[in-house]
Structure formats: C-alpha cells, structure tokens
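Student: The structure under discussion is supplied below as structure tokens; questions concerning it will follow.
Rule-based calculations on the coordinates, nothing more; no lab input. Predicted, not measured: the structure shown is a model, and the values here were computed from it. Every residue, glycine as well, gets a Cβ built from its backbone with ideal geometry; the counts of neighbours run over all protein chains shown.
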Amino acid sequence: MGRPDPEEGQLPAPVKPPDGGWGWIVLLGCFVITGFSYAFPKAVSVYFKELMKDFHVGYSDTAWISSIMLAMLYGTGPVCSIMVNQFGCRPVMLIGGLLASAGMILASFTTNIIELYLTAGVLTGLGMALNFQPSLIMLGTYFDKRRPLANGLAAAGSPVFLSSLSPLGQVLLEKFGWRGGFLIMGGLLLNCCTCGAVMRPLDMGMKRKMGKAQDKYEAKEMLPIGGKSEEGISTTDGTKKGKKAKKKPKKGKKLLDFSIFSNRGFIIYTISKFILVLGLFVPPILLVNYAKDTGVPDTEAAFLLSIIGFIDIFARPACGMVAGLKWVRPHVAYLFSFSMLFNGLTDICSARASNYTGLVIFCVFFGISYGMVGALQFEVLMAIVGSQKFSSAIGLVLLIEAFAVLIGPPSAGRLVDALKNYEVIFYLAGSEVVLSALFLGVASYCCLNRGKKEPPAENNPPVGGGSDTEEAESDVQEAEEHSSDNHQPAHSTDNAVVVANEEANHVAEEQRGEGGGCPAGDGEVLARDGCNADQMVERDSF
C-alpha cells in the first residue's frame with residue numbers, strides 16, 4: 001500500500017515495525033539500559049551501612065539516594081519526552097550516558113550527604129532517565145507482533161544486572177571502599193553511551209520511495225491496460241493529495257500530547273501505577289539491611305538480591321511469551337493485575353520471615369511476581385495508547401509515578417528508624433500493591449462491560465483503547481486509499497506488492513460485507529474509518 005508523502009510541517013508516515021533485523025540490536029541496547037536504570041538504585045543500597053558511618057546519618061537519610069535516583073528516572077519523563085520528540089532518541093541517550101557516569105564519578109569525591117543527593121541522586125538519575133525512556137520508545141518502534149516478547153526480554157535486563165551489580169558492589173566495597181566503588185560504577189555507566197549509539201531510527205526516506213513506486217505498480221496491476229491505467233494512477237495521486245490536504249491541519253508535531261488524558265484506560269492505568277509504586281520498591285531496598293539486622297552475614301545478605309535477580313531473569317521473558325499469546329494479549333491488563341496481586345500477597349505473607357531460609361523463600365516468590373510486573377507494565381501502556389502516542393504517555397506516567405517514589409521508600413525508612421520493626425513495613429507495602437491490583441482489575445472490568453453495552457457509534461472512541469490515535473488513522477486511511485477502487489486480487493512476483501494487495505483486499509472485503517464498518521466484538525477496537533486489528537486488537541481490554 002502506498003504511503004503519502006509528508007509535506008512541510010507534517011509528521012512522516014509511520015514505518016511498519018520490522019519485528020527483527022536491526023531490532024534485535026536495539027533490543028540488546030534496551031536490555032542494558034533497563035538493567036542499569038532499575039538495578040542501579042537498588043544495588044547502591046549495599047553501600048548504605050558505610051555511608052551511615054562516614055556521614056553519621058540514619059537509614060532514612062541514605063534511602064533518599066535511591067529514592068532521588070528513581071524520582072529523577074520518573075519525574076523527568078515529560079522533559080525527556082519533549083527532548084526525544086525534538087532531537088530524536090540517539091542524541092538524548094548519548095547525553096544521558098555521559099551525565100549518569102559523571103554523577104557517580106563526582107559522588108566518589110563528596111564530603112557530605114547533601115552532595116551525594118546532588119551527584120549520585122540527581123545527576124546520575126537524570127542521566128539514566130535520558131537513556132531509559134528513549135530506549136523503550138525505540139523498542140516499540142522496531143517491534144509490533146513480537147512486542148510482548150521484546151518487552152519481556154528487555155525487562156530481563158533489570159534482574160540480570162541486579163544479580164551482578166549487588167555482589168560486585170559488595171566486592172568493591174570490601175576492596176576499595178565506597179568511594180572506589182562509586183568511581184568504578186561511574187565507569188561502567190559509560191556503556192550507556194554505546195547503547196545509545198546503536199539506536200538507529202528507521203529509514204523513513206527509503207520507505208517513502210518504495211511506497212511511491214509501489215503505488216504506481218499496484219495501479220497498473222489492478223486496472224485494465226491502456227488509458228484507464230494512466231487515469232487510475234492520476235486518480236490515485238489525486239486521492240493522496242486530497243487526503244494530505246485534509247490531514248495537514250492536525251499533523252503538526254506535538255512535543256507533548258496531553259490528549260491521552262481523555263483515554264479512560266490511560267487514566268485507570270496511571271492511578272493503579274501510582275498506588276503500585278508506593279510499595280513495589282520498598283522490599284528490595286530494605287531487604288539487605290533487614291537481613292543484616294537479623295544477624296545474616298553481609299555477603300549472604302547481598303546474595304538475597306542476587307536470588308531475586310536470578311528468578312526474575314526467567315520470569316520476565318516467560319511472562320512476555322505468555323502475554324504474546326493470541327488468547328492472552330487482548331486481556332493483558334488482567335494478567336498485569338494478577339501479577340500485582342501476586343506481588344502484594346508475597347510481601348504480606350513473608351512479613352514474619354525472621355531467618356535466612358524464610359528470606360530465601362520470600363526472594364524466590366518475590367522474584368517471580370516482580371518479574372511479571374516488570375515484563376507487563378510497559379506492554380500494557382503501549383496497548384492502551386499505541387506506539388504513536390507512547391513517547392508522550394510514558395513521560396506523563398513516569399512524572400506521576402515520581403511522586404509515589406518520593407513518598408514510598410523514604411517513608412518506609414523513616415518508619416524503620418522510628419519503630420525498629422520491619423514487619424509493619426512489609427505489611428504496609430504489600431497492602432498498597434494489592435490495592436493497586438484490585439483497582440486495575442475492577443476498573444478495567446467495569447469499563448469493558450460498559451463499552452460492550454453501549455451501541456457502537458461512528459464518532460465514539462473505543463473504551464480505553466487509544467481513541468483517535470494517529471497510528472490508527474494513518475493505517476486505516478492508507479488501507480482505504482486503494483481498497484475503494486481495487487476489488488480484484490493482484491498477482492505479482494514482488495513479495496512486498498503481494499502483501500500490500502492482500503491487506504487492501506482484506507479491508508475492501510470487510511467494508512463490502514459490513515457496510516464500511518468493523519464488527520464490534522472481543523479482541524477488536526472500533527476506529528472512525530475502519531479496522532486495524534493487527535496493531536489495536538489488544539486495546540479492547542480497557
């Protein structure tokens with residue numbers, strides 16, 4: 001199918017995700033970035049005991065280092081979205097890698113806790129944020145049908161790095177002290193620049209040239225030979241120009257798209273994630289010191305995080321494969337809700353663990369549930385808003401979650417200092433996670449039922465399914481450019497043309513059978529101009 005040429009002031013036509021090729025290299029880079037972004041704030045907790053001795057501060061003061069890192073990772077989401085939309089993913093990631101490394105190197109020379117907040121917390125956190133968000137955007141650009149699996153594999157970077165950085169941090173602490181450990185960690189973060197360098201954008205220009213040639217070839221194959229062919233070509237070009245003229249007023253590039261707040265599914269997701277983050281990161285951050293306070297040796301206490309990471313390594317890709325199944329993907333929101341419920345109940349049931357064996361059992365189940373949450377969280381968001389609005393959506397979601405990050409772990413650390421009891425903290429964190437799971441499941445179910453009862457209207461957006469997304473409109477309009485005049489299947493030796501013709505004929509058959517509409521049922525989402533089941537089927541969950 002032909003794609004319209006972007007005019008000045010218009011966004012280029014979206015390129016179909018290759019679901020492979022260079023995308024696997026992009027996936028590897030995203031794997032490393034995700035590992036550093038999520039594992040690093042937890043791994044630095046190994047140094048907290050020494051920092052408390054050197055700076056004469058309490059645990060709640062040192063816990064702010066991890067919290068500030070996570071808050072910067074989340075809170076700078078809108079800024080990162082604007083930078084990505086303005087400059088692209090690769091330059092932003094290169095700058096982020098330099099900032100993350102510089103923050104840890106400068107932190108090794110600090111003399112008080114405030115300087116640590118500014119260097120290891122703010123600067124390193126900002127650098128990781130400028131790497132993390134663009135890497136997810138690029139992953140969604142390169143993968144569509146295999147996106148759940150790709151998200152699961154990329155999310156596996158977090159446990160892999162957690163199981164590596166935590167023991168490494170303990171070794172560096174024993175041999176070089178916390179200052180030497182911070183310096184070496186800063187050098188490791190320079191690998192983020194390498195990952196940013198491989199984030200090659202899809203070649204828009206080549207795709208547009210192929211599309212123009214393909215348009216004319218399709219017209220010659222589908223229309224009678226002679227003057228009518230030329231007439232068909234000119235008609236096709238005229239139709240494209242007319243559609244470009246109609247699209248021109250609303251195709252101006254937005255640095256941050258706030259229209260996603262009109263999406264009911266996005267609102268439900270954002271509220272549930274806010275509640276989730278209040279308690280999700282508390283157990284792994286407190287785990288090492290909790291084990292040390294119960295008499296567990298330092299090396300074995302640090303190994304507990306490695307157990308979580310090892311289980312998490314397998315849980316995330318496995319959950320990604322399950323989420324990609326045809327009968328699961330349309331209902332991935334409920335799978336996400338179940339994973340959060342599993343995680344919260346694990347915290348509550350393990351609150352009384354008082355020996356090393358009990359802590360190991362807790363780590364096993366926590367690793368499974370935590371891996372499920374990590375593999376599904378961004379897949380659900382992509383399913384709700386679509387790839388075209390994902391850059392804005394993730395920035396706004398991370399900003400809202402930043403407030404929860406600033407509240408959760410520091411409050412837990414202050415309660416530990418005041419009560420000297422970790423059991424209450426685990427109960428509290430688990431209850432918050434369970435509440436978020438129940439809210440997401442119940443709210444999604446109610447909205448889904450309401451959407452089914454309402455009669456399908458041409459101008460009504462789908463319930464929580466990324467209403468009126470640019471991605472859906474572009475794909476539908478492209479399909480209709482040739483389906484209205486081409487009712488006979490074309491035969492060609494060119495594989496790309498055959499695939500394009502089959503898609504056009506499929507849309508034309510649906511329009512003739514249903515009067516130009518789409519069947520409203522499970523696993524399908526209504527759009528204004530037609531059906532795009534490949535990219536939008538999973539959004540029906542909301």
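Student: With only alpha-carbon atoms in the gyration tensor, what are the semi-axes of the equivalent ellipsoid for segment 256-449, in Å, largest first?
Tutor: Value: 31, 18, 14 Å, ordered largest first.
Student: Once you've got the Cα coordinates, tell me which of 273/326; 53/175; 145/326; 49/292; 53/292; 49/273 are over 19 Å apart.
Tutor: Beyond 19 Å between Cα atoms: 273/326; 49/273.
Student: Let me ask you something else. Per Stokes-Einstein, at 37 °C and 0.692 mPa s, what whole-number D in µm² s⁻¹ belongs to segment 16-221, with the Kirkwood radius over Cα pairs as the hydrodynamic radius?
Tutor: In µm²/s, the coefficient rounds to 182.
Student: Can you give me the C-alpha center-to-center distance between segment 111-172 and segment 393-420, rounded to a whole angstrom?
Tutor: What the calculation gives is 18 Å, centre to centre.
Student: Applying 1/(1 + (r/R0)^6) with R0 = 56 Å to the Cβ-Cβ distance of residue 53 and residue 446, what FRET efficiency is obtained, to the nearest 0.05?
Tutor: Result of the calculation: an efficiency of 0.60.
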